[in-house]
Amino acid sequence: MIDFPYLADIVTASPSKIIMLVVDGLGGLANPETGKSELETAQLPHLDHLAKQSSCGLTVPVGAGISPGSGPGHLALFGYDPVKSLIGRGALEALGIDIELGERDIAARGNFCSIDADGNLTDRRAGRIATKLAAPLVELLDQIEIPGAETSVYAVKDYRFVLRIRADELEDGVNDTDPERLGVPPLLPREQNKSSNKTAKIVSEFINRARFLLRDRSSANMVLLRGFSKMPALPQMGDSYLLTPAAIAAYPMYRGLARTLGMKVIDAGTDFSSEVEALHHHYNNHDFFYLHYKPADAAGEDGDFGGKVAALEALDTFIPSILELNPDVLIVAGDHATPAVLASHSWHPVPFLLRSQWTAGEGVPTFNEKVCASGSLGTIQANQLMLLAMAHAGKLRKFGP
């Protein structure tokens, strides 16, 4: 926990190395037809073998019954209080593609979406339109001009973009416009407090003009905006933990989060194979690595049970390459559960394993939700995991006399 009041008294630098592999949306639920979750269904020989050498348990990302976004889920894994340290999705996405955010700026994450003739949503992600098809639409929206404000639109990846609004006296208390379900119209942007009234009016005007520009399209003919946020200020991981932390992530939002926390963001290409190559190439330069794997979450959000199983099985093939580096501590964890049967993030505890020289194996035969629930580490708050990793790496001294 990075806010532990005596952290500076017990933390110590050492040459030991920690790899934290974050499998986005790792946890799942049973398929009604088989009674098995995605992890139970998948053939994972390397993860199962690793579990036999590890201490295992479950993490609760935020609190009982709370379904976290990826931002809070990741913050907790890095030891931050996910409620007190909440960062808006827009700021994370902007930082992930190196957009400058100043004091007069608000950022929002945007999705191209599809609506029918009645204005009701038919696809919240416009069929996950490819980047090359979305780029001209981003250029079109970037031409929008609103009196009293400067709006800029930046392509991110596939159907996603960032909207940056620059003006005086902006506040980020504006609700998301994504209703997170189909068959209804996008929500109207409304201020959550009086000081955000100006922002809400600018956002409303931007959406109206975007819809007009996209009106002749049958798909990707509307936009959804969420995560309105300003540039945050949080404790830096390197200073607080005496680490030289690095992040290897293909997706911009996760790079933005890492940069906000003071990690060195390493160029990782566009897929996990490139991420693992980057890990090997830079391994001698850092003592903490955050390695991110996205495909399991994407399949879960699409409600694709088989696709998530396949994504987990694909991840398993990379475990031997990661183990070749022989890190002093290896953690495999998830920022949240994304059960395919729910097609969304969920509140369920997430399995994790921690391997070090101090974990000889504790009888856990496989890596899945049910087995990890009986692991020696039990069910813990996710923001406790970072200090566990540091203890196993010899980076914490005794607390108290």
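Please treat every number below as a calculation from the coordinates, not as lab data. As the structure is a computational prediction, the values presented were derived from the model and not from experiment. A quick note on method: Cβ atoms are made from the backbone with ideal geometry, for glycine too, and the neighbour counts reach across all protein chains shown.
Beyond 19 Å in Cα-Cα separation lie the following of the pairs 84/194; 84/264; 198/230: 84/194; 84/264.
A Cα-only calculation for the chain places Rg and Dmax at 21.4, 72 Å. Neighbour counting of Cβ atoms within 10 Å sorts the residues 145, 38, 180, fewest neighbours leading, into 145, 180, 38.
Which of rounded, prolate or oblate describes the range 1-138 when judged by the alpha-carbon gyration tensor and an a/c cut-off of 1.5? Since a/c reaches 1.5 but b/c is at least a/b, the shape of the range 1-138 is classed as oblate. When the Cα positions of 204, 56, 327 are compared along the charge dipole of the chain, 204 comes out farthest toward the positive end, with charges on each C-beta of Lys, Arg, Asp and Glu. Fully extending the segment from residue 188 to residue 166, taken as 0.36 nm per residue of separation minus the present Cα-Cα distance, adds 5.9 nm. Highest mobility in the GNM of the chain, judged by mean-square fluctuation with C-alpha springs under 10 Å and restricted to 363, 334, 35, is found for 35. Charges were assigned to the Cβ only: +1 to each Lys and Arg, -1 to each Asp and Glu. The resulting dipole of the chain about its Cα centre is roughly 420 debye. Considering only 96, 247, 193, the residue lying farthest towards the positive end of the dipole of the chain is 193, judged by Cα position with unit charges set on Cβ.
If both residues of a DSSP beta bridge must be in the chain, then about 60% of such bridges are antiparallel. Listed from fewest to most Cβ neighbours within 10 Å, the set 358, 347 follows the order 358, 347.
The lysines within cross-link reach of residue 36, meaning a Cα-to-Cα straight distance under 23 Å and a gap of 8 or more places when in the same chain, are 52, 294, 308, 370.
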